[in-house]
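Worksheet: one structure, shown below.
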Amino acid sequence: MTHRRIRLVLLDLDGTLADTAPDLAAAANRMRIARGIAPLPLAVLRPYVSNGARGMIGRAFNVAPEDSRYAQLRQEFLQEYEAALCVESALFPGMDQTLRALEQCGIQWGIVTNKLARFTQPLVQALQLAQRAACVVSGDTTPFSKPHPAPLLHALAMTGVEAASSIYIGDDRRDIDAGRAAGTRTAVASYGYLGDEMSYDQWGADAVIESPLALLTLLGEDTLEISIK
């Protein structure tokens, strides 16, 4: 029996790699202010960030996708966000150190997000990660988005690494579902947004990391050695 070490770390973007909540919340609040509604505290909007425009519009305006007002609100929100998508957004504390440690160890890392490419690409550029990531897979890179495994399978194909030698880190249940469906190991970023649904300890992930730097400790543990018969 042999053991296969992790050779590729894939990360969700919003709430895992970077704290983008301030700019997403600001976009929603500009819309509220334009309508004469008081802005909501960041802490109120933050848990809904992982659900993108749907989550932000739902919380800021109590409007669901099936509502006739949703399409226009979504378009306006995306325009507001696109105009100022990296004002306060930044890597989570310790994330840059973690990525540099992975690079020094020869472990590839990449990004797999449901965020559309029109937002992902300029954000990744602004965070100065574009030249460092082994792959960047957006929500519209493949015909499917997470929890479908297609985006992760695309990332594996781009990097040439097998699923059994990879781990996907995310802060939403769909991330864990996608990773499991693609055959990768999975870990919950418990420092992320997490949403307001089922507790993350019920998502079925292989591990939980409480900070970006905790990933380095996790990668050194036997739990991430995959036994191959």
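The values are calculated or read from the model by the stated rules, or taken from the named source; none is laboratory data. The model shown is predicted, which means the values in this text are computed figures rather than measured ones. Every residue, glycine among them, receives a Cβ derived from its backbone with ideal geometry; neighbour counts consider all protein chains shown.
Descriptive notes on the structure:
- Qualifying positions in segment 180-223 - small (Gly, Ala, Ser), buried (at least 22 other Cβ atoms within 10 Å of the Cβ) and touching a helix residue (DSSP H, G or I) at 6+ places or on another chain (Cβ under 6 Å): Ala182, Ala205
- Residue, surrounded by the fewest Cβ atoms within 10 Å (Cβ to Cβ), within segment 155-174, restricted to residues that are assigned to a helix (DSSP H, G or I) and not hydroxyl-bearing (Ser, Thr, Tyr): Ala157
- Residue satisfying all of: in segment 193-212; in contact with a Phe, Trp or Tyr (Cβ under 8 Å, 6 or more places away or on another chain) and in a loop (DSSP other than H, G, I, E, B); nearest to Ala21 (Cα to Cα) among these: Tyr193
- Matching option when the condition is among the basic types (Lys, Arg), closer than 30 Å to Gln128 by Cβ and within 20 Å of the chain's Cα centre (by Cα), among Arg59, Arg100: Arg100
- Pairs with Cβ under 8 Å, 6+ apart, first in segment 38-64 and over 23 Å from Arg118 (Cα atoms), second β-branched (Val, Ile, Thr) and assigned to a helix (DSSP H, G or I): Pro39/Ile33; Arg59/Val44; Val63/Ile57
- Cβ-Cβ distances below 7 Å connect the following pairs, each with a first residue in segment 65-81 that is farther than 19 Å from Arg118 by Cβ, a second residue that is part of a helix (DSSP H, G or I), and a separation of six or more residues or different chains: Pro65/Arg54; Tyr70/Ile57.
Yes or no, residue by residue, for (1) closer than 21 Å to Gly195 by Cα; (2) surrounded by fewer than 20 Cβ atoms within 10 Å (Cβ to Cβ):
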site	(1), (2)
Gly58	yes, yes
Leu78	yes, yes
Tyr81	yes, no
Asp96	no, yes
Val112	yes, no
Thr120	yes, no
His148	yes, yes
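- Of the numbered criteria (1) assigned by TED's automatic domain parsing to the domain that holds Leu194; (2) crowded, with 21+ Cβ neighbours inside 10 Å, the one Arg100 fails is (2).
- Scanning segment 51-110 for residues that are β-branched (Val, Ile, Thr) and in contact with a helix residue (DSSP H, G or I) (Cβ under 6 Å, 6 or more places away or on another chain) yields Ile57, Val63, Val87, Thr98.
- For beta carbons closer than 8 Å, sequence separation of 6+ or different chains, a first residue in segment 200-214 that is without any contact (Cβ under 8 Å) to a residue 60 or more places away in the chain and a second that is aromatic (Phe, Trp, Tyr), the qualifying pairs are Val208/Tyr200; Ile209/Tyr191; Glu210/Tyr191.
- The listed residue being β-branched (Val, Ile, Thr) and at pLDDT below 95, out of Thr159, Thr223: Thr223
- Some residue of segment 116-128 being free of Cβ contacts under 8 Å to residues at least 12 places away in the same chain and not in a strand (DSSP E or B): yes
Each row is one residue, and each column tells you yes or no for (1) in the same structural domain as Ser165 (by TED's automatic domain parsing); (2) in contact (Cβ under 8 Å) with a residue 12 or more places away in the chain.
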| residue | (1), (2) |
| --- | --- |
| Arg7 | yes, yes |
| Leu13 | yes, yes |
| Ala28 | no, yes |
| Arg35 | no, no |
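- Residue list for segment 143-184, filter: in contact with a Leu (Cβ under 8 Å, 6 or more places away or on another chain), of a type outside the set (Gly, Ala, Ser) and more than 23 Å from Asp19 (Cα to Cα): Leu156, Thr159, Val161, Glu162, Thr184
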